[in-house]
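Student: The structure that follows is given in the form of structure tokens.
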Amino acid sequence: MSIRLRLLLSFTAVLAVAIILFMTTSYLISVAITGDMRSISSFYSIHYSLHPLTDEEETIFLDLKYLAKQDPDSLTDDKLLAEYDRKLKMVKAGLVVRHDGEVSYTSPSLGESAMGDYLPPYDAANNAIRSTLNVGNRFFSYAKFDFPFQNGKAGSIYVLRERSPFPELVRTLLPILVLVLLAIMLLTGLLLYRNVTKTIIRPLDVLRRSAEQIKEGDLQFKLEPQSRDEIGQLSLTFEQMRQKLNESIQLQLQYEDNRKQLISNISHDLKTPITTIKGYVEGIRDGLADSPEKLDKYVGTIYAKVTDMGRLVDELLLYSKLDLRREPYSFERVDLAAFIEDAVEESGFELEEQGIRVTLEGERLQDTDVMADRQKLRRVLGNLIQNSVKFMDKPDRSITLRLREEGRATLVVEVTDNGAGIADEALPHIFERFYRAEASRNSRTGGSGLGLAIAKQIIEGHGGTIEAESQLGAGTTMRIRLRKADVGAVASGATQRETGDEA
Ligand SMILES: Nc1ncnc2c1ncn2[C@@H]1O[C@H](COP(=O)(O)OP(=O)(O)OP(=O)(O)O)[C@@H](O)[C@H]1O
Ligand SMILES: [Mg+2]
């Protein structure tokens, strides 16, 4: 059953119950007040039959009754009657005297000439002294006394009090009242139904449509929650789910893109040397290398290209192993200051021959132990220096290494050169695999673009970070941050990796 139908049914049920309750309560109230299982319409008559007159009126009535018993004929005296009438008028009642079936006196205040037609008949036994009567549209409660005049003719005195036409009004208005009540209830129900439709059904409809959109694969919309109730919260959660889903799909697409790019890059980087090798081999086969010098040159080129390819495949293999976390690390305590001094000494000699100055700056620090994989860290440092050498474009070429402390726990290694620098738009990408800024310059320098990607993997494997700061034309600083061995040692990620590899 749909919520819409269920709500409709429950509203109808509420309406029915309300009406039944209303009816039952009315009936029960009337029974409780009258003590009688009679219809509600007789409620007012019964009440007024029991209490037709006020206390003052009752006293006057008793006076008249006494008079009727003791001296009935005095009740033909209009003067006396007028006197009583005056008293009654003061308490808002009236007097009627009937003499032998004819009305002989009527209070002018009652203002009714044909009263006699409506009065109850003579009853010598005086069974019903107090009751109510309708005179045309008017409603009276009365007390009466029937008595014989001295000549034996039937006489009656009535003390009447006009009652508000309310009971009558109720009697005629009741159907209208009930109709109005029904209308009000219906209207309330309708408004309630509309409200519910607006606050529940419509938002649910929106949600359903959104879910369908997602099912169709469309995630590029926004769901605004309209309220803060349960449905609103549901909408909010739904919107968050959509965002997460969208993000993960975008990420997936990007991964897919990266993968394609990677394959394309590898193919390209392998294809180029292969084409060259093929060309040279064909040249040898066709007898183009007709002199030993030429042959030597051809073979030399082929050898260089094969070496290049071998290096690329090696780097690729290493990168993929690092990426898959299959490359084991062998961490040991390394004095970073001494390690850098060694590195500078080692490469300094070779580089000086090429006219590149390598200097180590800064004071010698104490307490510079880190947990590191010597070989891998050497590789990273070597790659940074190699890059600096490769992208050097100034006659006065210099590379500066610096080790400093940052806080109590971190050591920072900086490799600064005064080379070509890296453009701002390229800077965020240089740690991506196969990324090489400025194709023209790089085609001259060679390289696969894997160096910094591998360096980043290795440094992160040490629980450290690597970043680049550069100004195009002025130079580049590569910055590595590593935690000191004595403060928390190697990051947990690296430790896990190490133990994982051993397993
Ligand atoms: N010191 C530097 N000065 C200027 N550009 C740099 C420097 N270091 C890196 N780059 C830029 O970042 C790119 C990525 O460097 P990365 O070491 O990953 O690749 P590569 O040196 O081109 O190739 P590989 O290191 O695999 O031989 C380089 O191609 C170069 O454009
Ligand atoms: Mg490099």
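Student: Among the listed pairs 394/484; 89/153; 260/456; 297/456; 278/456, which are separated by more than 31 Å between their Cα atoms?
Tutor: Flagged as over cut-off: 394/484; 297/456; 278/456.
Student: How big is the stretch 184-276 by the Kirkwood estimate over distinct Cα pairs, in Å?
Tutor: Computed over the stretch 184-276, the radius equals 17.0 Å.
Student: Given H placed 1.01 Å from N in the peptide plane, which residues other than close sequence neighbours of residue 104 have an amide H under 5 Å from its amide H?
Tutor: 97, 98, 99
Student: Expressed as a whole number of Å, what is the distance separating the alpha-carbon centroids of the stretch 56-70 and the stretch 218-245?
Tutor: 85
Student: Which peptide among 190-198, 335-343 comes first, and what is the full order, when sorted by highest mean count of other Cβ atoms within 10 Å? Before the final figure, lay out the partial values.
Tutor: Working: 190-198: 12.9, 335-343: 17.8.
The packing order, highest mean first, is 335-343, 190-198.
Student: Sticking with this one: If you fit an axis through the alpha-carbon atoms of helix 292-323 and take the longest principal axis of the Cα set of the chain, what angle between them do you get, 0 to 90°, nearest 10?
Tutor: Roughly 30 degrees between the two axes.
Student: Per residue, how many Å² of accessible area does the stretch 219-324 show with a 1.4 Å probe?
Tutor: 73
Student: Residue by residue, what Karplus-based ³J(HN,Hα) values in Hz, rounded to whole numbers, does the stretch 247-257 have, using 6.51, -1.76 and 1.60 with θ = phi - 60° and x for Gly and Pro?
Tutor: The phi angles translate into 4, 5, 5, 4, 4, 4, 4, 5, 4, 4, 4 Hz.
Student: For residue 244, which lysines qualify as cross-link partners when the Cα separation must be under 21 Å and same-chain residues fewer than eight apart are set aside?
Tutor: Straight-line reach from residue 244, under 21 Å: 215, 222.
Student: Let me ask something additional. Using a 10 Å cut-off on Cβ atoms, rank the peptides 142-152, 76-86, 211-221 from the highest mean neighbour count down.
Tutor: 142-152, 76-86, 211-221
Student: Roughly how tilted is helix 336-353, in degrees to the nearest 10 and between 0 and 90, from the longest Cα axis of the chain?
Tutor: The helix 336-353 is inclined about 50 degrees to the chain.
Student: Could you give the nm distance between label points at residue 409 and residue 76, where each point is 7 Å from its Cα heading toward the beta carbon?
Tutor: Spacing of the two 7 Å Cα→Cβ label points: 12.7 nm.
Student: Also, I was wondering about something else. For the stretch 219-324, what Kirkwood radius comes out of the mean inverse Cα-Cα distance, in Å?
Tutor: 18.7
Student: What is the antiparallel percent of DSSP beta bridges lying wholly in the chain, to the nearest 5? Display every interim value, and only then the final one.
Tutor: Working: 53 of 59 bridges.
Restricted to the chain, the bridges split so that about 90 percent are antiparallel.
Student: Using only protein heavy atoms and a 1.4 Å probe, report how much of residue 188 is accessible, in Å² to the nearest 10.
Tutor: Its heavy atoms expose roughly 70 Å² to the probe.
Student: Can you tell me what percent of all Cα-Cα pairs in the stretch 137-247 are more than 21 Å apart?
Tutor: Distances greater than 21 Å cover 67 percent of the Cα pairs.
Student: Expressed in nm to one decimal, what extension gain is obtained for the pair residue 248 and residue 228 from 0.36 nm per residue of sequence separation less their Cα-Cα distance?
Tutor: Numbers: separation 20, 0.36 × 20 = 7.20 nm, distance 2.74 nm.
This chain segment gains 4.5 nm when fully extended.
Student: Spelling out what I want: for every residue of the stretch 69-80, take phi, set θ = phi - 60°, compute 6.51 cos²θ - 1.76 cosθ + 1.60 (Karplus), and round to whole Hz; glycine and proline get x.
Tutor: 7, 7, 9, x, 5, 4, 7, 9, 7, 4, 5, 4
Student: A further question on this structure: Given the stretch 178-235 reduced to its alpha-carbon atoms as identical point scatterers, what log10 I(q)/I(0) does the Debye formula return at q = 0.16, 0.25 Å⁻¹?
Tutor: Each listed q maps to, in turn, -0.60, -0.96.
Student: Shifting gears a bit: Rounded to the nearest angstrom and ordered from largest down, what semi-axes does the equivalent ellipsoid of the stretch 329-502 get from its C-alpha gyration tensor (root of 5λ)?
Tutor: 27, 19, 14
Student: To make sure I understand the rule: partners must be aspartates and glutamates, Cα under 15 Å from the Cα of residue 294, and not fewer than 8 residues away in the same chain. Which ones qualify?
Tutor: 282, 286
Student: Report the per residue volume, in Å³, of the convex hull enclosing the C-alpha atoms of the stretch 44-163. Intermediate results must be reported in sequence, preceding the final value.
Tutor: Values: hull volume 10.8 nm³, N = 120.
In the stretch 44-163, the Cα hull volume divided by residue count equals 90 Å³.
Student: Hey, what do the phi angles of the stretch 188-197 turn into as Karplus ³J(HN,Hα) couplings, whole Hz, using 6.51/-1.76/1.60 and θ = phi - 60°, x for Gly and Pro?
Tutor: Running phi through 6.51 cos²θ - 1.76 cosθ + 1.60 with θ = phi - 60° gives 4, x, 5, 4, 4, 4, 4, 4, 5, 4 Hz.
Student: Show me the three semi-axes of the equivalent ellipsoid for the chain, from the C-alpha gyration tensor (sqrt of 5 times each eigenvalue), largest first, rounded to whole Å.
Tutor: The three semi-axes for the chain are 122, 27, 18 Å.
The values are calculated or read from the model by the stated rules, or taken from the named source; none is laboratory data. Keep in mind the model is a prediction, meaning the values are calculated, not measured. Cβ coordinates were reconstructed from backbone atoms using ideal geometry, including for glycine residues, and neighbour counts include every protein chain displayed. SASA here: full protein model, heavy atoms, side chains in, ligands and nucleic acids out. Shrake-Rupley method; radii C 1.70, N 1.55, O 1.52, S 1.80 Å.
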